[in-house]
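A.B. asks: What follows is a single structure, and I will ask about it in a moment.
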Amino acid sequence: MSWKLDKQFSDKICNFSHDFFNKKLIKKGKPISGEWTVLATIVLVIENSTSYEIKQVLSLGTGNRCLGKSFLSNQGDVLNDSHAEIICKRSFQKFCYNEILNLLQSKDYNSILFNIKYNNNSLPKISIKKDHSLHFYVNQTPCGDCSIFPVKKEIQKNEEKENIVNEQNEKNDKKEEKEDIINQPEKHNENKDKNKEDDGDEENKRKLKKFKKSDGNNNSNVNNYQYDDIQRTGAKTVFGEPEDKKLMGVDYHQIGVLRVKPGRGDPTVSMSCSDKIARWNVLGIQGSLLSHFFKEPIFLSSITVGDLFNHSSIYRGLIGRLLQSTTTTTTTTTTTTTTTADATTTTIANTTTETPSNITPSFKLNSDLEIFSTNIQFQFSKLLESGQSSPDDQQNNNNNNNNNNNNNNNNNNNNNNNNNNNNNNNNNNNNNNNYYNNNKSTSSGLAISFCYPNQHEVTIAINGKKMGTNQKNFNAISQRSSICKFNLFKLFHQVLLTIKNKDSKENEGNKENEENKENKEIISIDSLLKCNYYESKHLSKKYYQDYEKLKEFKFKNWITNSPDFESFVLDNQTIENIIITQIKK
């Protein structure tokens, strides 16, 4: 049976991912008691004529934070975005580089995912093996557009409890920020008073709450009679996009627009996970640099989502807003001048009309992406860690204890009775405060990255460097994450040098090769080796052609990094180390 026909497929992918996290990963970097995080995986599935096998977790990421704009680096040596989905994707890219190198260095190497085809004097082309597919799992809905959908409220907590929670949240957030900032304290001091409404991690801003799920079919055209509120995201609309209305209930947000992730006091330029995954559905998860080696973009076959799942909003966020546009909105301005004996009056009227159109995207869209849900919760899910249903039970227990104590106190004299009642009230207040103090979950400040077969790394999400980084060693090469831009660019160069050395050895003494030194592909390798990071990316012409088409069609306001932040090159020591590695092999 195909995985598409298996109704339990999403639960199997979920359990497979959870088991891998629990049993195969070491403890380093995992949340401790009272902490929560987000988990994302890319899982390999292999089909045959009669069944399928969930084969392997190829990459994994945890995390839920990103750097503010002032903490970005122009050396590519920090992780800007440590949300689980992005860590997982970058870990997959690292896996791709490792597999390509293994294929190039050994004819006997059998990749778990790829085939390689060599062409004389040209870059080899990599493709995914037949009947192999990639499946994405994330334990809660991606931030941004996917997480905006109508909800039916549960019974609200009374104002006293809300105040207790809010006060404690503010205290914990301040404490977290002091503990987390371990680098560049000057920058932190400069920015700590900016954008206070953005303080707190992404998921606090999303205001995760217990709710009754809608049926998923009335997400875009809802009315206030059916739904009380809308699930909110902390991701802000990008400049140029329609701004959120911020009205009551279901009219709070705009839907289908580009958003950036909120930072911890410092605004970010990281696009939301919903936007990034939508872009993967056009450009692939391999990215621009790896596109030099792949015949086609690498698309995901399915996405399985846990908490806060709503099919309509996820479909809209990842696929629907990139489909053919059926209407065009135009605004006509009419000016009318009326002259009377007393005065001349000019009236200006704007008329908005929608006319049918057939604007079809000129890029390939992965519209076959299957969207699945699972009710199996990740053990470090925020919804589990926050214990949101418990306060009511706690209050009921307190009330029962009060009644029992009061009944017992009736047997005592009036003075004792009054004293006991006062003590009971004090105890109940303390219990309520202690409950919220003890059950305020905090987001983990660490991010785990893993790629097959066994490369495991932990980074500090607040500074984008490896665990163990401090002020003294912050700029050390050893503290750079293996999936930061610089180190992925280093792997890109390693692949190019391996190809070049392989071609030179195989064509040594070949007159035809000597006569064809001007071969454009050979020059392409040499040119790429001389390019900086930004130039190397943009020489992937097909990738950027599709990217420009995507921007023209829908994502015109996408925030791109300035070339100043991507013009770094590999230093001489790094290049020398790569060459030494090549010689040894």
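The values are calculated or read from the model by the stated rules, or taken from the named source; none is laboratory data. Predicted, not measured: the structure shown is a model, and the values here were computed from it. Glycine also receives a Cβ, built like all others from the backbone with ideal geometry; neighbour counts cover every protein chain displayed. Keep in mind that these areas ignore ligands, DNA and RNA; they rest on the heavy atoms of the full protein, side chains included. Shrake-Rupley method; radii C 1.70, N 1.55, O 1.52, S 1.80 Å.
A.B. asks: Highest first, please rank the peptides 233-244, 134-145 by the mean number of other Cβ atoms sitting within 10 Å of their residues.
C.D. replies: Packing proxy ranking, top to bottom: 134-145, 233-244.
A.B. asks: Which entries of 69/466; 4/129; 4/94; 276/502 have Cα-Cα distances beyond 24 Å here?
C.D. replies: Listed pairs above 24 Å: 4/94; 276/502.
A.B. asks: From Cα pairs below 8 angstrom and at least 6 apart in sequence, can you work out the relative contact order of the range 1-74, rounded to a whole percent?
C.D. replies: It rounds to 30 percent for the range 1-74.
A.B. asks: Of the listed peptides 441-448, 556-563, what is their order by residue-averaged count of other C-beta atoms within 10 Å, with the highest listed first?
C.D. replies: 441-448, 556-563
A.B. asks: Hey, another quick one. With all protein chains present, how much of the accessible area of the range 1-133 (probe radius 1.4 Å) comes from carbon and sulfur, to the nearest whole percent?
C.D. replies: 46
A.B. asks: May I ask you to order 41-51, 99-109 by the average number of other C-beta atoms within 10 Å around their residues, highest value first?
C.D. replies: Peptide ranking by packing, descending: 41-51, 99-109.
A.B. asks: Residue by residue, what Karplus-based ³J(HN,Hα) values in Hz, rounded to whole numbers, does the range 537-553 have, using 6.51, -1.76 and 1.60 with θ = phi - 60° and x for Gly and Pro?
C.D. replies: Residue by residue, the range 537-553 yields 4, 6, 7, 7, 5, 4, 4, 7, 5, 5, 4, 5, 5, 5, 5, 5, 6 Hz.
A.B. asks: Shifting gears a bit: Could you give the length gained by full extension between residue 529 and residue 7, i.e. 0.36 nm per residue of separation minus their alpha carbon distance, to one decimal place?
C.D. replies: 183.1 nm
A.B. asks: If the chain between residue 324 and residue 243 were fully stretched, how many nm would it gain, using 0.36 nm times the residue separation less the Cα-Cα distance?
C.D. replies: Additional length available on full extension: 26.8 nm.
A.B. asks: Quote to one decimal, in nm, the extra length available between residue 25 and residue 470 on full extension: 0.36 nm per residue of separation minus the C-alpha distance between them.
C.D. replies: Length gained between residue 25 and residue 470: 157.7 nm.
A.B. asks: Which ³J(HN,Hα) values, rounded to whole Hz and listed in residue order, are derived for the range 268-279 from phi using the Karplus coefficients 6.51, -1.76 and 1.60 in 6.51 cos²θ - 1.76 cosθ + 1.60 with θ = phi - 60°, glycine and proline given as x?
C.D. replies: 9, 10, 8, 5, 5, 5, 4, 5, 5, 5, 4, 5
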